[in-house]
1. Looking at segment 251-291 only, could you name the residues that are closer than 27 Å to LYS398 by Cβ, surrounded by fewer than 18 Cβ atoms within 10 Å (Cβ to Cβ) and not polar (S, T, N, Q)?
2. Test PHE395 against the stated conditions and say whether it is touching a strand residue (DSSP E or B) at 6+ places or on another chain (Cβ under 6 Å), within 24 Å of THR275 (Cα to Cα) and of a type outside the set (A, V, I, L, M).
3. Residues of segment 171-227 being assigned to a helix (DSSP H, G or I) and over 21 Å from VAL267 (Cβ atoms), which ones?
4. Among the numbered conditions (1) under 23 Å from LYS276 (Cβ atoms); (2) surrounded by 14 or more Cβ atoms within 10 Å (Cβ to Cβ); (3) at pLDDT 95 or above, tell me where ASP187 comes up short.
5. So MET307 clears everything in (1) in contact with a Lys or Arg (Cβ under 9 Å, 6 or more places away or on another chain); (2) closer than 21 Å to LEU442 by Cβ; (3) surrounded by 15 or more Cβ atoms within 10 Å (Cβ to Cβ) except one condition, right? Which one?
6. Assuming LEU237 fulfils every condition listed in (1) part of a loop (DSSP other than H, G, I, E, B); (2) crowded, with 17+ Cβ neighbours inside 10 Å apart from one, which condition is it?
7. Pick from ARG415, ARG331, ARG344: which is in a helix (DSSP H, G or I) and either surrounded by fewer than 13 Cβ atoms within 10 Å (Cβ to Cβ) or assigned by TED's automatic domain parsing to the domain that holds GLY282 (or both)?
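The values are calculated or read from the model by the stated rules, or taken from the named source; none is laboratory data. Nothing here was measured: the structure is a model prediction, and the numbers come from that model. All Cβ positions, glycine included, derive from the backbone under ideal geometry; neighbour counts span all protein chains shown.
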Amino acid sequence: MSSILINNLGAQIQKQCCNYFLFRRRSPWTLVCGLLLFAVGLISLFTGHVVSDLEWYSHRLVHRTWYYKKISLCLMQCRIEFIMLRLTYGNQSFQTFIMVAAIEALILHSLGHSVESSSSRLSPVRERLSKGYLLIATSGGLNQQRTGITDAVVVARILNATLVVPELDHQSYWKDESDFLNIFDVDWFISYLAKDVPIVKRVPEKVMRSMDKPPYTMRVPRKSEPDYYLEQVLPILMRRRVLQLTKFDYRLANDLDEDLQKLRCRVNYHALRFTKPIRNLGQRLVTRMRKMAKRFIAVHLRFEPDMLAFSGCYYGGGDKERHELGEIRKRWETLPESSPDEERTRGKCPLTPHEVGLLLRALDFDNNTYLYVASGEIYGGEETLRPLKELFPNFYTKEMLAGEELKPLLPFSSRLAAIDYIVCDESDVFVTNNNGNMAKILAGRR
């Protein structure tokens, strides 16, 4: 419909130009021809008949900033041309100017509303028209995988692909066997993002049976730009129809087009909703904290053995600590050698529980303050936690608050982390000893 209206308006512009030629013989040929060429060029620019709608859609999505600049320049030139025409031929050219204003309004309407509006979403590609099916294997703990899932949706958008519900990591340090549907509300995830990306629970059997080879597997470099996906990943996806991206963590650049950044936020803070049992248990723990105190502080204490090993820091535990953390560190083959002293000088070492307690006291929180401590297995156990408990005796954890209710979740670290996430999100003050994935996600949400 937009193309028909533009063509009709373009024809009227040409007719107006011919009228000027017939009734104003003073009109120079060059001006008339120039106006005709401009009208044709304007129509061609916005009908997009040179490339297919889908290919143009991808290009527009990735290079939207450039696209807006080009349109702004074109509209500016359009206005200048007809202002000059009016100055030359008087008010009779004003009708033509009005028609150009109508074209401008139609063009801007077709681009959608302001990018600040949630209605600026581009229409998703339907599953049957998508380039193929994208399989994602995430990596790491719950919040690292959450970041990977968020980026997976954006990559599917860039590629015009149908996303298969991501596969969670069962092989990392935590050995959690939870699947996506055990942690997140999968039906909500699919329906909420239906206006952005087509998502299915599995590749259709018909597609799998029609494939000559199993799905192609690849790992993209970290922080890859959208252009990399379009140039290196898209051709493989189109050729093989089903493609799996493995160890999908931080595989997409941070600085993206504004629409893609908005999609990231919609996924992370709206589409990724925990299952109802997890949400209910998390809210019960919040209620129990509120019954004891009107306000409480949530402390995300990342002081587990894997965290300390990964950091390369030293905490005074002698040869025993060096050996234990050194053995864990060997699991990451790509980690470079580091100096504990240099890491601490650079401020890269997670604070100890005692240091967190001193920090809170320095911020004028007294020993009547209630703490909810979100953590896994603390390295050093109760001995490590004792200084913090002495500073803040009103010390609570999910294990202390939930009791028997938590037992079914104990073998699943990611589900336990989801409970901590909910309580930390509802707290009055949130403090962390390490600027990790959960801290960053919660900071954005809060």
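1. Of everything in segment 251-291, those that are closer than 27 Å to LYS398 by Cβ, surrounded by fewer than 18 Cβ atoms within 10 Å (Cβ to Cβ) and not polar (S, T, N, Q) turn out to be TYR269, HIS270, ARG273, LYS276, PRO277, ARG279, ARG284, ARG288, ARG290, LYS291.
2. Working: touching a strand residue (DSSP E or B) at 6+ places or on another chain (Cβ under 6 Å): yes; within 24 Å of THR275 (Cα to Cα): no; of a type outside the set (A, V, I, L, M): yes.
No; evaluated as a whole, the condition is false for this residue.
3. Kept after step one, since they are assigned to a helix (DSSP H, G or I), are these residues of segment 171-227: 180-183, 186-192, 205-210, 226-227.
If the condition is that a residue be assigned to a helix (DSSP H, G or I) and over 21 Å from VAL267 (Cβ atoms), then GLU205, LYS206, VAL207, MET208, ARG209, SER210, ASP227 are the ones that fit.
4. For ASP187, the failing item is (2).
5. Only one criterion in (1) in contact with a Lys or Arg (Cβ under 9 Å, 6 or more places away or on another chain); (2) closer than 21 Å to LEU442 by Cβ; (3) surrounded by 15 or more Cβ atoms within 10 Å (Cβ to Cβ) is unmet by MET307, namely (1).
6. (1)
7. On the way: ARG331 fails: in a helix (DSSP H, G or I); ARG344 fails: either surrounded by fewer than 13 Cβ atoms within 10 Å (Cβ to Cβ) or assigned by TED's automatic domain parsing to the domain that holds GLY282 (or both).
Exactly one residue qualifies, and that residue is ARG415.
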